[in-house]
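Following: one structure in structure tokens, then a few remarks.
Computed from the coordinates by the stated procedures, all read-outs in this text should not be read as laboratory data. Just so we're clear, the structure is a prediction, and the values are computed from it rather than from any experiment. Heads up, the Cβs are rebuilt from the backbone with ideal geometry, glycines too, and the neighbour counts pull from every protein chain shown.
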Amino acid sequence: MGHTPLIMQLTCSNCGARYAVDPMAIGPTGRTVQCVRCSHRWFQKPEAPPVTVPSTETPPAPAVTAPDIVIRPSAPGAGLPALTTPPPPKKRNWGTWIAYAIVLVVLLGGAGYAYRDQIKARLPASWRALLHLDAARATPNAPQVAQAHVGIDMATTKIDLIDGRYVVLGELINTGSAPGSTRRLKLVFRAGEQVLAERAMPLVEGPIAPGARRSFSLPLDEPPSGATNIVPTVD
């Protein structure tokens, strides 16, 4: 005849669930167990005290810790199961959810840009005025305001020495779409990249029609010593 293994009967004091376990799983000193039905925990002692060497000191009571094993009942009719180790908790993959959120934002932004005209048409007039949508739409078709742009033609402008005195000779040209005039001539004296001095002289010319030219001539006092080039501008 075969040897019948010893079975230890455990009963949950909270819900009354009954379990059959191997005494070896409890151990000679006992251990903390947990009921799967109601999650109640208790420290289960062995049925018989372990054999130990007599000692004058009383061993301390075991501390209640997280259960080493969890009691899991089996399906009906399958008998009472043995004790097993609880599975580790599942980890949440936050990186996947963040990636989904980014993709959703990109898709919504692309759809909003593709159907921006339809969205604007459905907005109330007060909202369009607040967001300046109507003004932004009308700006490209607004008539251009005619403006003058009078400057110096650098290809025809030079400084000559006439009768022992420097004279600035040049031409003004209006590249704008409206007549324009000038008030003064500005000269910047340079030695390479270094600015040595700046001078301003009256130069009242105009009105000059769009695309037209006008010559001018202004006497120039002695340039600063060391000047190698002069940059003229008008305003």
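Out of everything in the range 208-230 that is surrounded by 14 or more Cβ atoms within 10 Å (Cβ to Cβ) and in a strand (DSSP E or B), what residue ends up being nearest to the chain's Cα centre (by Cα)?
Here the residue is Ile230.
Residues of the range 27-49 being hydroxyl-bearing (Ser, Thr, Tyr) and part of a strand (DSSP E or B), which ones?
Thr32 - this is the single residue of the range 27-49 that is hydroxyl-bearing (Ser, Thr, Tyr) and part of a strand (DSSP E or B).
Every residue in the range 218-235 that is in contact (Cβ under 8 Å) with a residue 40 or more places away in the chain and over 11 Å from Ile159 (Cβ atoms), please.
Asp221, Glu222, Val231, Thr233, Val234, Asp235
Check off (1) aliphatic (A, V, I, L, M); (2) more than 18 Å from Val234 (Cβ to Cβ); (3) buried (at least 17 other Cβ atoms within 10 Å of the Cβ) for Leu185 and give me the number that stays unchecked.
Of everything listed in (1) aliphatic (A, V, I, L, M); (2) more than 18 Å from Val234 (Cβ to Cβ); (3) buried (at least 17 other Cβ atoms within 10 Å of the Cβ), Leu185 misses just condition (2).
I need the full set of residues from the range 190-207 which are within 49 Å of the chain's Cα centre (by Cα) and either β-branched (Val, Ile, Thr) or in a strand (DSSP E or B) (or both), in order please.
Listed by number, the residues that qualify are Arg190, Ala191, Gln194, Val195, Leu196, Ala197, Glu198.
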